[in-house]
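Engineer: Could you have a look at this structure, given as structure tokens, before my questions?
The values are calculated or read from the model by the stated rules, or taken from the named source; none is laboratory data. Since the model is a prediction, treat every value here as computed from it, not as a measurement. Here the Cβ positions follow ideal geometry from the backbone for every residue, glycine too, while neighbour counts run over all protein chains shown.
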Amino acid sequence: MIEVLLVDDEAALLDVTKIFMEKDGSMKITAILSAKEALDLINTREFDVIVSDYEMPQMNGIDFLREVRASHPLIPFIIFTGRGREHVIIDALNLGADFYLQKGGHPRSQFADLKNMIEQAVSRKRAEMALRMSERRLSDIINFLPDATFAIDREGRVIAWNRSIEEMTGIPGEEMLGRGDYEYALPFYSERRPILIDLIFESSDEIAKRYYGVIHKKGDLLIGETDLPVLGGQRTILWGKASPLYDDQGNKTGAIESIRDVTDRRRIEEALRESEARYKGIIDTQEELISRTLPDGTHIFANPAYCRYYEKPCDEILGSRFRPRIPHEEHSLIRKHFASLTRENPVAYIQHRVILPDGEVHWQSWTDQAIFNEKGEIVEYQSVGRDITEMILAEETGEMAKRKLTLLSRITRHDILNQITILKFFLDQAREEPDHTDIGDFIVKLDRVAKNIESQIAFTREYEDIGVKVPVWQNVREVLSKVLQSFELSSVSVRCDVGPVEVFADPLLERVFFNIVENALRHGKHVTSLSISVTMSSYGLILNFEDDGVGIPHEEKEIIFDKGYGSGSGFGLFLAREILDITGSSILETGEPGSGARFEIFFPLGSFRNRS
């Protein structure tokens, strides 16, 4: 609703005007009989527009307008009078009246004209206020931008000149605002000439090449860099970014440019390039893996050894967030490692596994250093690493040798000596009583003891072979085919669905498969079906051996892997677990008793691959 202040010394006319103007509910009329009373009222209330008669006692409409403009310069003002003298009209318009309407004629037509003038005046005022508010907001935003920033309109006149550009050029905003004819170029180039902001309105390859060398365009945005010989009396490198300004209808109304002095940064970058060039030859010949990355993982440096190791071109790694494949179980360790880097302790050491492009799992050691800025924020990681797979394998081989020696020692000193003690006992008995009626029973027992000793010695021979050779990639289907040919399977239905999978394991993997199949056929009692399949999970690969025999009781599912358990030699499944353990694989029995045995061999990520 439009608030109208109507001032006239004729009360009857006020009433008639009020009735007509408020008829449709779009206006509210406040009627006042004198200009002086109206002046008091506008100081306490807000009105959208003032409509005033000219001829009034004490103060006429022109004097009233003059007083209003002194205190309220923006409020719309309409002279509505019976006088039509030319000098009154001129005075009114010169003092800032929005419209002048002469009374007379048909009332309905006259009031319709007045209403139209009121609506136009208010609409124009509101548009101007909105524009001023928009310009003020834009000016405030621009003024507090950290970069030196200015804006121009379509005619090239400066409409904004912020504090930062005042500091850069030494020219205050009041001296630059409203200026055109490339005035804004003078502080930078000492001449009037087009600069980056002017290319928003008119593209010119000549200007771009002459002053900026290379200009990058991203949609409406222009980005360029120029070398100035005069700004501040010394060589200066400026980076600029210009973009258009639009009105509500999408029309281009101007342009804005932000300028940044990048001289120091470019000098530092140049010094760094020179420094890197000096040391590049040294680093390029190193066999250590050397890289520099930003906190988001972007590589900003990688030496040739690093690129060769991961089988990637260096230009593909640089600028990318390349991440080596790391086994899932190592992720938490690595996160904690980098989280431990602080300003007080910026260097840390870590060992972890990595999956190479060919699927092989290797061990690495890394020394990582975090680089901090003056705010204490990490800006870069510098890393030096190397492959320690052979060292780890040597350590693991040593540990296995110690474990094997311990076990072999226990076997020879405990198991075999026990059997020899029993053997001596029966020999003494036979020697003391050569005619004893149970001598035949003694001989049977002596034979059993001798076989036990023979079995123990056979085990030590087999156990010595575990871990002697380096683990290799083996085709599961080929190894199984060789194993299955060793058995009489005419009465057993065999299904082998493993696909083209290869696993990384000790060369004795064939013995593992043999022991599992032999266990099924020997102890399953009535096995008629044997199924071998592969299952994938998010943690690795599972190789399943299932039969339809009697199965294994719940209480025996773990102890069947103990050395010496069972009715045979007691070494088969024990050896199977030992062989798999060399490369981090494992074996479990998960079948349902009475429905058959199910052996699951788990190969972790990195220890299997698909060779289609």
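Engineer: So, in region 530-560, of the ones that are small (Gly, Ala, Ser) and at pLDDT 95 or above, which residue ends up nearest to Leu489 (Cα to Cα)?
Structural biologist: The extreme case among them is Ser531.
Engineer: Go through (1) among the hydrophobic types (A, V, I, L, M, F, W, C); (2) surrounded by fewer than 16 Cβ atoms within 10 Å (Cβ to Cβ); (3) touching a strand residue (DSSP E or B) at 6+ places or on another chain (Cβ under 8 Å) one by one and return the number of the condition Ile350 breaks.
Structural biologist: (2)
Engineer: Shifting gears a bit: Within the bounds of region 512-529, is there any residue that is in a strand (DSSP E or B) and either in the same structural domain as Phe602 (by TED's automatic domain parsing) or crowded, with 18+ Cβ neighbours inside 10 Å (or both)?
Structural biologist: The answer is yes, given that some residue of region 512-529 is in a strand (DSSP E or B) and either in the same structural domain as Phe602 (by TED's automatic domain parsing) or crowded, with 18+ Cβ neighbours inside 10 Å (or both).
Engineer: Check Thr298 against each of (1) at pLDDT below 90; (2) closer than 27 Å to His337 by Cβ and name the one condition it does not meet.
Structural biologist: So Thr298 meets the others, but not (1).
Engineer: Condition first: within 60 Å of the chain's Cα centre (by Cα), surrounded by fewer than 18 Cβ atoms within 10 Å (Cβ to Cβ), without any contact (Cβ under 8 Å) to a residue 24 or more places away in the chain and assigned by TED's automatic domain parsing to the domain that holds Ala127. Can you find one or more residues in region 58-72 that meet it?
Structural biologist: Of region 58-72, the ones within 60 Å of the chain's Cα centre (by Cα) are 69-72.
Next, from what is left, pick out any that are surrounded by fewer than 18 Cβ atoms within 10 Å (Cβ to Cβ): 69-72.
If we keep only those that are without any contact (Cβ under 8 Å) to a residue 24 or more places away in the chain too, we end up with 70.
In the following step, the residues that additionally are assigned by TED's automatic domain parsing to the domain that holds Ala127 were identified as 70.
Yes, there is a match, as at least one residue in region 58-72 is within 60 Å of the chain's Cα centre (by Cα), surrounded by fewer than 18 Cβ atoms within 10 Å (Cβ to Cβ), without any contact (Cβ under 8 Å) to a residue 24 or more places away in the chain and assigned by TED's automatic domain parsing to the domain that holds Ala127.
Engineer: Sticking with this structure for a sec: Return the residue satisfying two criteria in turn: it lies in region 41-57 and is within 26 Å of Gly104 (Cβ to Cβ) and β-branched (Val, Ile, Thr), and of such residues it is surrounded by the most Cβ atoms within 10 Å (Cβ to Cβ).
Structural biologist: Among residues in region 41-57 that are within 26 Å of Gly104 (Cβ to Cβ) and β-branched (Val, Ile, Thr), the one surrounded by the most Cβ atoms within 10 Å (Cβ to Cβ) is Ile50.
Engineer: Can I ask one more? Within the group Ser123, Ser134, Ser139, which residue is among the hydroxyl-bearing types (Ser, Thr, Tyr) and within 21 Å of Met1 (Cα to Cα)?
Structural biologist: Working: Ser134 fails: within 21 Å of Met1 (Cα to Cα); Ser139 fails: within 21 Å of Met1 (Cα to Cα).
Exactly one residue qualifies, and that residue is Ser123.
Engineer: Still on this model: Do we have Ala12 as in the same structural domain as Glu128 (by TED's automatic domain parsing) and either on the phi > 0 side of the Ramachandran plot or not in a loop (DSSP other than H, G, I, E, B) (or both) here?
Structural biologist: For Ala12, the condition - in the same structural domain as Glu128 (by TED's automatic domain parsing) and either on the phi > 0 side of the Ramachandran plot or not in a loop (DSSP other than H, G, I, E, B) (or both) - is met.
Engineer: Right, something else. Run Val498 past the list (1) touching a strand residue (DSSP E or B) at 6+ places or on another chain (Cβ under 8 Å); (2) hydrophobic (A, V, I, L, M, F, W, C); (3) surrounded by 19 or more Cβ atoms within 10 Å (Cβ to Cβ) and report the number of the one that doesn't hold.
Structural biologist: (3)
Engineer: Here's a follow-up. Of everything in region 241-255, what is out of contact with any Pro (no Cβ under 9 Å at 6 or more places or on another chain) and either more than 22 Å from Pro146 (Cβ to Cβ) or of a type in the set (Lys, Arg) (or both)? Give them in sequence order.
Structural biologist: Lys241, Tyr246, Asp247, Asp248, Gln249, Gly250, Asn251
Engineer: Follow-up question, since we're still on this one. Any idea which of (1) more than 21 Å from Asp581 (Cβ to Cβ); (2) assigned to a loop (DSSP other than H, G, I, E, B); (3) at pLDDT below 75 is the one Glu488 doesn't satisfy?
Structural biologist: (3)
Engineer: Could you check region 85-135 and list, in sequence order, the residues that are acidic (Asp, Glu), farther than 16 Å from Asp53 by Cα and modelled with pLDDT of 85 or more? So that I can check it myself, show each step before the final result.
Structural biologist: Filtering region 85-135 down to residues acidic (Asp, Glu) leaves 86, 91, 98, 113, 119, 128, 135.
So of that shortlist, the ones also farther than 16 Å from Asp53 by Cα come out as 119, 128, 135.
If the condition is that a residue be acidic (Asp, Glu), farther than 16 Å from Asp53 by Cα and modelled with pLDDT of 85 or more, then Glu119 is the only one that fits.
Engineer: While we're looking at this one, here's another question. Would it be correct to say that Phe545 is in contact with an Asp or Glu (Cβ under 9 Å, 6 or more places away or on another chain), of a type outside the set (A, V, I, L, M) and under 15 Å from Glu589 (Cβ atoms)?
Structural biologist: Taking the combined requirement at face value, the residue satisfies it.
Engineer: Let me ask something additional. Do we find a residue being part of a helix (DSSP H, G or I), out of contact with any His (no Cβ under 9 Å at 6 or more places or on another chain) and hydroxyl-bearing (Ser, Thr, Tyr) anywhere in region 58-78?
Structural biologist: Yes, there is a match, as at least one residue in region 58-78 is part of a helix (DSSP H, G or I), out of contact with any His (no Cβ under 9 Å at 6 or more places or on another chain) and hydroxyl-bearing (Ser, Thr, Tyr).
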